[in-house]
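Here is the structure we will look at.
Only the coordinates and a few stated rules stand behind these numbers; no lab work does. Keep in mind the model is a prediction, meaning the values are calculated, not measured. Cβ placement follows ideal geometry from the backbone for every residue including glycine, while neighbour counts extend to all protein chains displayed.
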Amino acid sequence: MKSRKLLLEHLDVPGIQGIETYVKQGGYTTLEKALKKMSPDEVVEEVKKSGLRGRGGAGFPTGLKWSFLAKPEGIPRYLVCNADESEPGTFKDRYLMEKIPHLLVEGMILSSYALGANTSYIYIRGEFMYVLEILQKAIQEAYAKGYLGKNIFGSGFDHDLVVTPGGGAYICGEETALLESLEGKRGNPRIKPPFPAVKGLWASPTVVNNVESIAAVVPIIRDGGDAYASIGIGKSTGTKLISACGNLARPGVYEIELGLSVEEFIYGDDYCRGIANGKKLKACVPGGSSVPILPHFLVTKTAAGENRLMTYESLADGGFQSGSMLGSGGFIVFDEDQCIVRNTWNFTRFYAHESCGQCSPCREGTGWMEKVLHRLETGKGQMHDIDLLADINKKIEGNTICPLGDAAAWPVAAAIRHFREEFEWHVTHPEEAQKRNYGLIQQPVVA
Amino acid sequence: MSHSTKPMLSAEPVEFSGELLAKMEEAKNLFPNGKEKSALLKMLHLAQAEFGWVSVPTMDKIADLLSIQPVEVYEVATFYTMFHLEPVGKYVFEVCRTGPCMLVGSDQLIEHIGKKLNIGMGETTSDGLFTLKTAECLGGCGYGPLLQCRHRFHEHLTPEKVDELIEQYKRGEIEPGAL
């Protein structure tokens, strides 16, 4: 089954990066339609009807988020695009912005119209500086055509769009840390409330949305919210970009219709074409490094034996006991030779490195977990270290200002839940643990 | 948390060229009056592209341009991992080491580069050309193992490809990817 494409439809059209080609493919006609024929509230209504959920990872309904925006008289409101893509396993926004920058630019203007924002910002991670330059060029082209600036399409709507870089900090993907960073400060998340919808950028009402969410507004307004909602299953509507990586035959970015089976996504000819080098699937982290890992027998089927689907609900089926999350769509696959302990240590090192240091449970806890996991991985751990990890975990989870603490804790808890015997093997086989990886189903393999 | 805790080296006074000052002014003008501090990260990137690293006098000068206290620049420059607060080689290889890259061989790649350049992590070759660093997830997970150098991604790397890459950099054949 090939998925319909709403975001990447014109990916292969030569020159689609430039405005002339983008316009020839129907680009900016949706913006024109909205500005000439729809009120801002009507645009918001269509986005609500579409069922679009935040594509950055949290999955919160975008239309509902928009409806929370405070609109006090005489105070500017802002739309901020979160292009700080940095959840390990996730590289879809970079792809979209690099290949079809005008889709994001059009989405930004359109969404800003809906929100009544006359200025919007794209905050892009500093490591994507070359993408920033691609976006900057697209923005200049849009100004030259009159799609940005004063009185766009004669509608009376004025809009300015600015793109600005981060400096290397995972935490700035958290929306309030992003706003701090956009104000030229350290990326320390803010205590909520007040939420950004009330006090965001420079204390003005602000909506922060992910790149893919904003881009999706274009096909939603073009085709109507109902048409978008007719794709997918239940509360998982529309299409989603999945960035597939790890030990896959064909890693990359795929636009899928939500509801595709996980089995087809991993093994299908139109998608990842199975595990690289003819190996077997050992485990999968389906939604970016922060979501629980699934052992091979829970990847394509749920615990109840039903087919696992690429939807918010199906991937979460079984809760944290036997499920995971769709998250950001960062789909990480592990082959039979990979070591779960080593990977868990690696991810924890990432979170320890990226903790902003503001909350003690996260600042200290992620560092402790990293140390404990490192000694387990290198054959220097003891049995009680495994329980110690679970204990630290519980003390981080829910006790921090932002979700980075949870994001660090959940993967460790899930790895121990599903692969406890592998952690124990590292304790009982200290010498082998230093030389070998623990492969699929209790078969230690030579690294 | 591993943001820089090293003492920042003092250095010779810096002179910002007219071109650099113009770029910084342009960065400031993207933001409303009174909110120019929002341009700080961009200004640090611009300075680093010019000088290779960010010294205390550079930060002081940026503070001056933004009419803010120097400490407001120091606290930001030390928070974000992209800014080099001490001199580095002309080409800084930042090799991604996070999960998805590790699954496809980043550990072995990092080891190979270290041996090839005969330097340890964070060190610079004696000719001042190369510095080796690791980076956390660079957002190219499907194209690993990979490294970034002067805003350019080098992806799908193998030891052989890295060897060739090093030669290309030595011959000055690779332009910065941005800025």
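Give, in whole angstrom and from largest to smallest, the semi-axes √(5λ) of the equivalent ellipsoid of the stretch A:211-328, with λ running over the eigenvalues of the Cα gyration tensor. Numbers along the way, then the final one.
Working: eigenvalues 122, 57, 30 Å².
Sorted largest first and rounded, they come to 25, 17, 12 Å.
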Amide H within-cut-off set for A:PHE331, under 5 Å, with H built and near neighbours excluded: A:SER243, A:ALA244, A:CYS245, A:GLY288
Residue pairs, from the table A:LYS65/A:LYS235; B:LYS116/B:LYS170; A:LYS24/A:LYS150; A:LYS137/B:LYS90; A:LYS37/A:LYS65, whose Cα atoms sit over 18 Å apart: A:LYS24/A:LYS150; A:LYS137/B:LYS90; A:LYS37/A:LYS65
Distance from the stretch A:258-327 to the stretch A:179-219 (C-alpha centre basis), Å: 31 Å
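As a test of understanding, state the convex hull volume per residue of chain A from its alpha carbons, in Å³.
Cα-based convex hull of chain A, divided per residue, equals 132 Å³.
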Most mobile listed residue (A:MET108, A:MET383, A:MET369) in chain A, GNM with C-alpha springs under 10 Å: A:MET383
Highest-MSF residue in chain B out of B:GLY18, B:GLY122, B:GLY142 [GNM, Cα springs under 10 Å]: B:GLY18
Label-zone membership for the stretch A:18-46, site A:ALA144, 7 angstrom Cα→C-beta point, backbone N under 14 Å: A:18-23
Derived scalar couplings ³J(HN,Hα) [the stretch A:347-362; Karplus, 6.51 cos²θ - 1.76 cosθ + 1.60; whole Hz; x for Gly, Pro]: 5, 5, 4, 4, 5, 4, 5, 9, 4, 6, x, 6, 9, 4, x, 7
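Would you please calculate the Kirkwood hydrodynamic radius of the stretch A:289-447 over all C-alpha pairs and express it in Å, rounded to one decimal? Mind showing how you got there, number by number?
Numbers: mean 1/r = 0.0624 Å⁻¹.
Across the stretch A:289-447, the inverse of the average 1/r is 16.0 Å.
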Karplus-derived 3J(HN,Hα), 6.51/-1.76/1.60, for each residue of the stretch A:77-91, Hz, glycine and proline x: 10, 10, 10, 10, 8, 8, 10, 8, 2, 8, 6, x, x, 10, 8
Cα pair distances of the stretch B:80-179 binned at 10 Å [whole percent]: 16, 54, 29, 1
Inter-part distance where the stretch B:122-142 and the stretch A:406-438 are each reduced to a Cα centre, Å: 29 Å
Amide H contacts under 5 Å for A:THR119, placed H, 5+ residues apart: A:LEU79, A:ASP160
Peptide A:152-165, shielding by other chains (average Cβ, 10 Å cutoff): 2
Vicinal HN-Hα couplings computed from phi for the stretch A:401-411 (Karplus, 6.51 cos²θ - 1.76 cosθ + 1.60; Hz; Gly/Pro x): 5, 10, x, 4, x, 4, 4, 7, 7, 4, x
Candidates B:ALA49, B:ALA135, B:ALA22: whichever shows maximal mean-square fluctuation once chain B is modelled as a Gaussian network with Cα springs under 10 Å: B:ALA22
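Counting other beta carbons within 10 Å of each residue's own, what order do A:MET38, B:MET121, B:MET24 fall into, fewest first?
Result, fewest neighbours first: B:MET121, A:MET38, B:MET24.
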Shielding by partners - mean other protein chain Cβ count within 10 Å, residues of A:34-46: 0
Label point distance in nm, A:ARG250-A:ALA203, each placed 7 Å from Cα along Cα→Cβ: 5.4 nm
Share antiparallel - DSSP beta bridges, chain A, percent rounded to 5: 50 percent
Pairwise label distance in nanometres, B:SER67 with A:LEU64, each label 7 Å out on the Cα-Cβ vector: 4.4 nm
Angle between chain B longest axis and helix B:106-117 axis [Cα atoms, degrees, rounded to 10]: 80 degrees
With Cα atoms, 0 to 90° folded angle of helix A:211-223 axis to chain A main axis: 50 degrees
Global size of chain B as Cα Rg and Dmax, reported in angstrom: 17.4, 52
Acute angle (nearest 10 degrees) that the helix A:383-396 long axis makes with the longest principal axis of chain A, alpha-carbon atoms: 20 degrees
Within the stretch A:379-396, backbone nitrogen closer than 16 Å to the virtual label 7 Å beyond the Cα of A:LYS435 toward Cβ: A:379-380
Spatially proximal lysines relative to B:LYS28 (Cα-Cα < 17 Å; intrachain offsets below 8 disregarded): A:LYS185, B:LYS37, B:LYS42, B:LYS61
Residues whose placed amide H lies under 5 Å from that of B:TYR91, excluding near-sequence neighbours: B:PHE130, B:THR131
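Quantify how strongly other chains surround peptide A:168-176 by giving the mean number of their Cβ atoms within 10 Å of each of its Cβ atoms.
Whole-number average of other-chain Cβ neighbours for A:168-176 is 3.
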Fraction of the pair-distance distribution of the stretch A:168-237 above 17 Å, Cα-Cα pairs, percent: 55 percent
